[in-house]
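Peer 1: Below is a structure I'd like to ask you about.
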Amino acid sequence: GRLNGTYTGETVLHIAIVNRDTEMAKWLLERGAKIDSVANGDFFYPSIIRRPRFQTLGNPVPWMWRMLAVIQQRELQREPVMRVWRNEDSAFSGESSTHHHLCYFGEVPLSFAASMGCIDICDMLKKRASNEDSEGESYNAKFLNYQDSFGNSAMHMAVFHRRKEVFDWLMKNDGKDSLEELNQDGLTPFTLAARLGHIDIWRHILQTSMTETVWKFGNVSRTKIDLRQLDTYRMEGGKTMLHKLKTWRSAFEVIVQHEVSEFYNEPLFKELLSEKWRRFGRRMHLARTVGPWSAFVCLYVLHVILRTGRIRHYHSLSISQPGSPRGVPDPDFAGVRDTGDFRGVALGTFEWLVEVSTYSLCGIILHQAWVRRRLRPRDVDPDQDAWTWSRMTVQKIGTLVYKNLPTILRLVISGVLLFAALPARCHSLLGTELDFLAIAMVVVWSLFLHTLMPFRTIGIPVIMLYRLFVHDVLFYLAVFTTLCIAFALSLLLLFQRSASEDDLYTSAGMRLDLSFAANMIELVFVSFGEVQMINFTRQSFNEGLALTLSISWTFLSVVLLANMLTARMSETWTSNEAASDKIWVFPFASEVLRYEAMLSPELKILHRSGQGGENFEIEDSKQEPHYWYKESINDEVAPTPQHQSQDDDEGVAGPRAGGPGGIGA
């Protein structure tokens with residue numbers, strides 16, 4: 001929808017600034033051009049508009065949105081409901097455009113000058129504003145820290161357009177307050193740089209505004225980095241107002257939640273992540289995920305071993321007692337053998353306890369599936385650039401499925417065991433019970449493998465296998481199934497009016513002239529080299545055409561499609577191997593943040609990243625900032641020993657990693 005006119009609010013001063021015409025801007029300012037005129041036409045806005053759907057406190061969120069927020073596991077105060085649509089009149093509104101804000105300059109002349117990097121014009125505007133103090137407003141609030149309709153100040157615009165020199169100018173000219181101002185997305189200029197992936201200006205802000213030299217001796221120096229906007233910990237007290245704002249997120253959270261690939265190899269990000277993993281993440285993962293799931297796997301395997309022994313016992317009885325082909329009734333649910341001796345009763349009781357424990361734990365697994373869901377808007381669309389589901393790419397959908405793979409696998413396990421295997425057990429359908437126990441066994445071990453994802457040696461191959469399946473195997477299956485249906489229907493037609501119908505029976509007992517499914521199954525086995533169709537084609541009324549189709553299918557499935565799958569998988573594996581750290585680091589970091597959110601307030605203080613200042617006292621930990629200390633030698637920054645990465649199998653890999661790619665790339 002339209003917000004305003006196409007060029008609403010544009011003045012000659014705006015045009016002069018965009019053209020970097022310093023003389024014209026000076027001439028206009030000397031003759032009274034307004035410095036607070038707002039260019040808010042749709043042309044100057046981003047091509048994708050995001051606005052809070054419910055903007056005022058007096059406008060309560062409807063119950064449907066509150067219910068959706070519960071399902072999404074989303075706190076509305078921190079993540080308000082946004083309405084997203086495309087601005088058709090934007091300078092970059094094309095379907096394929098990735099430049100969503102290149103003509104968005106922040107509405108007012110100062111923001112325009114900041115966007116264009118015109119320091120001389122910024123000086124002129126400042127001089128003019130210092131002579132005006134209308135309506136009793138302070139100079140900073142009226143001019144330097146003015147926020148447009150998206151909440152962006154001139155400093156935000158300098159970050160948008162990577163103007164380091166403008167950022168420095170603002171910091172020197174009383175614009176420091178803008179460093180902690182939030183826009184409508186809850187981003188400061190520093191976290192905005194992280195969100196956009198502008199790593200150059202992000203580092204510039206970090207080095208010039210958040211880094212302080214502790215000491216220097218010759219070519220060796222020690223610096224400390226303020227973690228207030230970088231780390232996830234929220235301080236109490238009045239040291240910073242940011243941590244009191246619900247919508248604020250640290251740069252670390254922004255990078256992980258939006259999977260900003262430009263930062264995957266940033267040393268400071270990796271060092272922070274490694275420290276969180278060492279301090280609490282590894283211990284919590286082993287205690288809360290790997291340990292309990294390993295215990296369940298052992299319990300389930302034990303249950304299957306005991307249960308198959310029991311079923312073999314009943315199967316031996318079925319030889320002498322004719323009954324259903326799926327097995328004979330099992331009258332004793334507890335599985336206690338009526339042997340009369342203590343050993344038999346004890347063994348039966350043990351079987352019963354194992355079985356009851358296995359099915360009882362499925363309820364806990366079902367609860368874990370609900371807790372571990374990831375359905376927030378940023379999980380669905382990390383880039384937040386899709387205004388309709390039609391803009392969701394296959395890669396984004398595949399990434400969403402992977403993020404919820406633990407939930408999906410847990411739902412399958414609990415569903416198969418509780419709602420399929422257990423009812424079959426109660427009704428003594430032994431064959432059906434075995435079918436579902438077999439399905440659950442595969443899924444249980446698959447989830448066990450996924451629980452080891454945070455360990456790099458295992459996690460990277462697991463993610464790469466998933467990408468191979470999503471990108472290549474599913475594509476192959478789609479092509480294979482389409483062609484198989486076509487050939488199966490063709491052969492079904494050619495097997496009609498056969499002279500010897502008895503010769504058309506397959507090994508499964510189905511006739512090729514009566515069953516489309518029989519032809520499908522036979523063609524699948526042909527592609528695996530298990531069946532030869534030549535004996536069947538001789539029974540066709542048109543043996544030559546049937547033989548031609550059979551040979552064509554064999555060539556297509558065995559030669560062309562198989563080699564196509566091999567080539568695609570090889571290409572995917574090679575590209576993913578070059579980007580191994582990038583495709584692994586964000587799922588790993590998300591898991592670390594999940595464990596951090598589970599910490600109690602006391603443990604959050606205990607495991608807080610970094611170290612206190614020089615006069616830091618442990619009782620001041622809630623209110624005092626922490627710092628990240630580094631030593632520099634010959635301008636090469638190296639982490640202190642206590643911050644160095646440990647084994648590559650645990651935590652983040654060293655700085656040698658690199659390459660393009662990503663789970664959602």
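The values are calculated or read from the model by the stated rules, or taken from the named source; none is laboratory data. What you see is a predicted model, and the numbers here were worked out from it, not measured in a lab. Because the Cβ atoms are built from the backbone with ideal geometry, glycine has one as well, and the counts that use them run over all protein chains shown. Ligands, DNA and RNA are excluded from the accessible area calculation, which covers all protein heavy atoms including side chains. Shrake-Rupley method; radii C 1.70, N 1.55, O 1.52, S 1.80 Å.
Peer 1: Specify the residue that is nearest to Lys34 (Cα to Cα); the eligible residues are those in segment 3-21 that are open to solvent by 60 Å² or more (accessible area, probe 1.4 Å) and assigned to a helix (DSSP H, G or I).
Peer 2: Restricting to residues being open to solvent by 60 Å² or more (accessible area, probe 1.4 Å) and assigned to a helix (DSSP H, G or I), the top hit is Val12.
Peer 1: State all residues of segment 213-232 that are touching a Phe, Trp or Tyr at 6+ places or on another chain (Cβ under 8 Å) and either among the small types (Gly, Ala, Ser) or more than 17 Å from Ser609 (Cα to Cα) (or both); if no residue qualifies, say none. So that I can check it myself, show each step before the final result.
Peer 2: Our first condition is that a residue be touching a Phe, Trp or Tyr at 6+ places or on another chain (Cβ under 8 Å); within segment 213-232, this holds for 214, 221-227, 229-232.
Across segment 213-232, the qualifying residues are Val214, Ser221, Arg222.
Peer 1: Further question on the same structure: Only one residue in Val443, Val356, Val371, Val401 is modelled with pLDDT of 95 or more and closer than 28 Å to Thr289 by Cα. Which one?
Peer 2: Of the residues listed, the single one that is modelled with pLDDT of 95 or more and closer than 28 Å to Thr289 by Cα is Val443.
Peer 1: Hey, another quick one. Would you pick out the residues in segment 563-609 that are among the polar types (S, T, N, Q) and within 30 Å of Leu477 (Cβ to Cβ)?
Peer 2: Once the filter is applied, which keeps residues that are among the polar types (S, T, N, Q) and within 30 Å of Leu477 (Cβ to Cβ), segment 563-609 yields Asn563, Thr566, Ser570, Thr572, Thr574, Ser575, Asn576, Ser580, Ser590.
Peer 1: Just checking, does segment 540-547 include any residue being touching a His at 6+ places or on another chain (Cβ under 7 Å) and surrounded by 15 or more Cβ atoms within 10 Å (Cβ to Cβ)?
Peer 2: no
Peer 1: Of everything in segment 22-33, what is loosely packed, with under 14 Cβ neighbours inside 10 Å and either in a loop (DSSP other than H, G, I, E, B) or at positive phi (or both)? Give them in sequence order.
Peer 2: Within segment 22-33, Arg31, Gly32 qualify.
Peer 1: Next up: Would you check if His156 is open to solvent by less than 70 Å² (accessible area, probe 1.4 Å) and within 30 Å of Trp27 (Cβ to Cβ)?
Peer 2: Yes: the conditions hold for His156.
Peer 1: Right, here's the next one. Of Leu196, Leu268, Leu206, which residue is open to solvent by less than 20 Å² (accessible area, probe 1.4 Å) and under 30 Å from Tyr146 (Cβ atoms)?
Peer 2: Leu206
Peer 1: Residues that are at pLDDT 80 or above and open to solvent by less than 40 Å² (accessible area, probe 1.4 Å): which helices (runs of 4 or more DSSP H) entirely in segment 554-659 hold 3 or more of them?
Peer 2: Filter on segment 554-659 gives 562-578, 580-598.
Peer 1: So, one more: Please determine whether any residue of segment 254-261 is of a type in the set (Asp, Glu), farther than 30 Å from Ala424 by Cβ and either free of Cβ contacts under 8 Å to residues at least 40 places away in the same chain or outside any loop (DSSP other than H, G, I, E, B) (or both).
Peer 2: The answer is no, given that none of the residues of segment 254-261 is of a type in the set (Asp, Glu), farther than 30 Å from Ala424 by Cβ and either free of Cβ contacts under 8 Å to residues at least 40 places away in the same chain or outside any loop (DSSP other than H, G, I, E, B) (or both).
Peer 1: Right, another one. Report the residue count in segment 271-288 for those that are open to solvent by 10 Å² or more (accessible area, probe 1.4 Å) and touching a Pro at 6+ places or on another chain (Cβ under 9 Å).
Peer 2: Of the residues in that region, 2 qualify.
Peer 1: Is segment 233-253 home to any residue that is touching a Phe, Trp or Tyr at 6+ places or on another chain (Cβ under 7 Å), of a type in the set (Asp, Glu) and more than 19 Å from Gly151 (Cβ to Cβ)?
Peer 2: no
Peer 1: Out of curiosity, is Asn542 touching a helix residue (DSSP H, G or I) at 6+ places or on another chain (Cβ under 6 Å) and either at pLDDT 85 or above or over 30 Å from Phe469 (Cβ atoms) (or both)?
Peer 2: Yes.
Peer 1: Inside segment 89-141, can you point out the residues that are at pLDDT 60 or above, of a type outside the set (Ser, Thr, Tyr) and in contact with a Gly (Cβ under 9 Å, 6 or more places away or on another chain)?
Peer 2: Hits for segment 89-141 are Asp89, Glu107, Phe112, Ala114.
Peer 1: Starting from segment 271-291, keep only residues that are touching a residue at least 60 places away in the same chain (Cβ under 8 Å) and more than 15 Å from Gln368 (Cα to Cα), then list their pairs with residues that are assigned to a helix (DSSP H, G or I) and of a type in the set (S, T, N, Q) whose Cβ atoms are within a distance under 9 Å, requiring at least 6 positions of separation or different chains.
Peer 2: Glu275/Gln642
Peer 1: His243 versus (1) surrounded by fewer than 21 Cβ atoms within 10 Å (Cβ to Cβ); (2) not in a helix (DSSP H, G or I): which is the lone unmet condition?
Peer 2: Result: His243 fails condition (2) only.
A quick yes/no check of all residues on (1) open to solvent by less than 40 Å² (accessible area, probe 1.4 Å); (2) charged (D, E, K, R); (3) free of Cβ contacts under 8 Å to residues at least 24 places away in the same chain; (4) part of a helix (DSSP H, G or I):
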{"position": "Leu411", "(1), (2), (3), (4)": "no, no, no, yes"}
{"position": "Ala420", "(1), (2), (3), (4)": "yes, no, yes, yes"}
{"position": "Pro423", "(1), (2), (3), (4)": "no, no, yes, yes"}
{"position": "Ala440", "(1), (2), (3), (4)": "yes, no, no, yes"}
{"position": "Leu447", "(1), (2), (3), (4)": "yes, no, no, yes"}
{"position": "Thr457", "(1), (2), (3), (4)": "no, no, no, yes"}
{"position": "Arg467", "(1), (2), (3), (4)": "yes, yes, no, yes"}
{"position": "Asp472", "(1), (2), (3), (4)": "yes, yes, no, yes"}
{"position": "Ala478", "(1), (2), (3), (4)": "no, no, yes, yes"}
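Peer 1: I would also like to ask the following. Testing Ser250 on (1) out of contact with any Ser or Thr (no Cβ under 8 Å at 6 or more places or on another chain); (2) closer than 25 Å to Leu192 by Cβ, one condition comes back false. Which one is that?
Peer 2: Only one criterion is unmet by Ser250, namely (1).
Peer 1: Here is a further query. Take Phe296 and tell me if it is assigned to a helix (DSSP H, G or I), under 15 Å from Ser590 (Cβ atoms) and either open to solvent by less than 50 Å² (accessible area, probe 1.4 Å) or of a type in the set (Asp, Glu) (or both).
Peer 2: no
Peer 1: Tell me, yes or no, whether segment 514-523 has at least one residue that is in contact with a Cys (Cβ under 8 Å, 6 or more places away or on another chain) and open to solvent by less than 50 Å² (accessible area, probe 1.4 Å).
Peer 2: yes
Peer 1: Condition first: over 25 Å from Tyr146 (Cα atoms), surrounded by fewer than 20 Cβ atoms within 10 Å (Cβ to Cβ) and of a type outside the set (A, V, I, L, M, F, W, C). Now tell me which residues in segment 209-229 satisfy that.
Peer 2: Across segment 209-229, the qualifying residues are Thr211, Glu212, Thr213, Lys216, Gly218, Asn219, Ser221, Arg222, Thr223, Asp226.
Peer 1: Follow-up question, since we're still on this one. Out of the residues in segment 173-193 that are open to solvent by less than 30 Å² (accessible area, probe 1.4 Å) and in a helix (DSSP H, G or I), which is farthest from Ile119 (Cα to Cα)?
Peer 2: Thr191
Peer 1: What number of residues within segment 77-88 are farther than 13 Å from Ile48 by Cβ and buried (at least 16 other Cβ atoms within 10 Å of the Cβ)?
Peer 2: Looking only at that region, the number is 3.
Peer 1: Next question, about the same structure. When the residues of segment 38-48 are narrowed to those that are assigned to a loop (DSSP other than H, G, I, E, B) and either open to solvent by less than 20 Å² (accessible area, probe 1.4 Å) or at pLDDT below 85 (or both), which ends up farthest from Ser130 (Cα to Cα)? Working first, answer last.
Peer 2: Taking segment 38-48 first, the residues assigned to a loop (DSSP other than H, G, I, E, B) are 38-41, 45-47.
Still in the list and also either open to solvent by less than 20 Å² (accessible area, probe 1.4 Å) or at pLDDT below 85 (or both): 39, 41, 45-47.
Numbers: Ala39: 22, Gly41: 28, Tyr45: 28, Pro46: 31, Ser47: 35 Å.
So the residue we want is Ser47.
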